[in-house]
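The values are calculated or read from the model by the stated rules, or taken from the named source; none is laboratory data. Just so you know, these numbers come straight off a predicted model, no measurement behind them. Heads up, the Cβs are rebuilt from the backbone with ideal geometry, glycines too, and the neighbour counts pull from every protein chain shown. SASA here: full protein model, heavy atoms, side chains in, ligands and nucleic acids out. Shrake-Rupley method; radii C 1.70, N 1.55, O 1.52, S 1.80 Å.
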Amino acid sequence: MIARPGEGHVGAGVTLGAGALVHESAYVDDGASIGAGSRVWHFCHVNGGAVIGARCSLGQNVVVMNGVTVGDNARIQNNVSLYEGVELEDDVFCGPSMVFTNVINPRSSVSRKHEYQRTLVRRGASIGANATIVCGVTIGRHAFIGAGAVVTRDVPDFALMAGVPARRIGWMSEAGHRLDVVGPHAGDATAEELRCPGTGRRYLRRGDMVTPVEEQQ
């Protein structure tokens with residue numbers, strides 16, 4: 001593993017944080033920044049201008065294009081391409097071979113580089129294997145996108161999404177458990193309380209908005 005710029009296929013103009021390591025088969029271009037403790041594994045290509053946070057893991061055959069921002073502690077599994085316009089916040093998980101896009105109506109004969117659309121994945125969200133995220137959407141905090149789902153519109157915080165096109169089939173906790181419905185919220189007939197079966201943490205749902213109970217206080 002390479003730990004210093006200017007060695008192997010890591011450009012001399014790359015910023016490597018303390019303890020960051022790059023596999024000998026990977027390419028990291030000048031101008032890229034990789035945070036402390038991150039790992040870039042076999043056959044990856046990180047383009048100049050990409051910014052990757054601390055404690056991230058890029059699995060085999062991951063491509064990160066110019067202008068992409070990845071927060072801290074992200075997990076990008078094998079065969080994922082992060083195209084220009086994609087932004088991942090902290091603690092995001094991208095499953096194997098899931099797909100991002102950045103143009104709505106691509107044609108090989110028509111250049112649409114000036115039409116790239118932003119895709120934002122908020123903190124703690126998980127995207128399952130082989131899912132597709134159509135560009136221009138925002139995936140909310142701690143949302144969970146099921147394997148093979150096709151996301152075509154914004155996803156609320158904590159939503160559990162599945163299907164083609166993806167639809168909400170439930171709610172997920174920060175710990176990654178499907179939330180159980182406890183019952184109506186005391187004194188508010190329009191809201192309901194939810195509970196994480198793994199941790200016992202409680203959440204409050206009003207319409208399509210879910211928040212941990214302590215955030216309501």
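Summary table below
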item: Full-stretch length increase - H177, E192 - with 0.36 nm per residue and alpha-carbon distance subtracted; result: 3.6 nm
item: Per residue, in Å², the accessible surface of the stretch 108-217 once ligands and nucleic acids are set aside, probe 1.4 Å; result: 54 Å²
item: Accessible surface, per residue, of the stretch 55-103 when the full set of protein chains is kept, probe 1.4 Å, Å²; result: 37 Å²
item: Gained length - E214 relative to Q117, 0.36 nm times residue gap less alpha-carbon distance; result: 31.4 nm
item: Under 11 Å, Cβ to Cβ, from V182 - net charge with Lys/Arg +1 and Asp/Glu -1; result: 0
item: Note, ³J(HN,Hα) from phi for the stretch 109-118, Karplus 6.51, -1.76, 1.60, rounded to Hz, x at Gly and Pro; result: 8, 10, 6, 10, 4, 7, 10, 4, 10, 7
item: Area accessible to solvent at D90, 1.4 Å probe radius, in Å²; result: 50 Å²
item: Computed FRET value (nearest 0.05) for T138 with N105, which takes r as the C-beta separation and R₀ as 25 Å; result: 0.80
item: Whole-Å distance, taken between Cα centres, linking the stretch 99-140 and the stretch 42-65; result: 17 Å
item: Antiparallel bridges, percent of DSSP beta bridges restricted to the stretch 124-217 (to nearest 5); result: 75 percent
item: Over the stretch 1-137, relative contact order from alpha-carbon pairs under 8 Å, at least 6 apart, %; result: 15 percent
item: Percent carbon-and-sulfur accessible area, the chain, ignoring ligands, DNA and RNA, probe 1.4 Å; result: 48 percent
item: Antiparallel bridge percentage (DSSP; both residues within the chain; nearest 5); result: 35 percent
item: In nm, spacing of pseudo-spin labels at E84 and A129 (7 Å Cα→C-beta vector); result: 3.3 nm
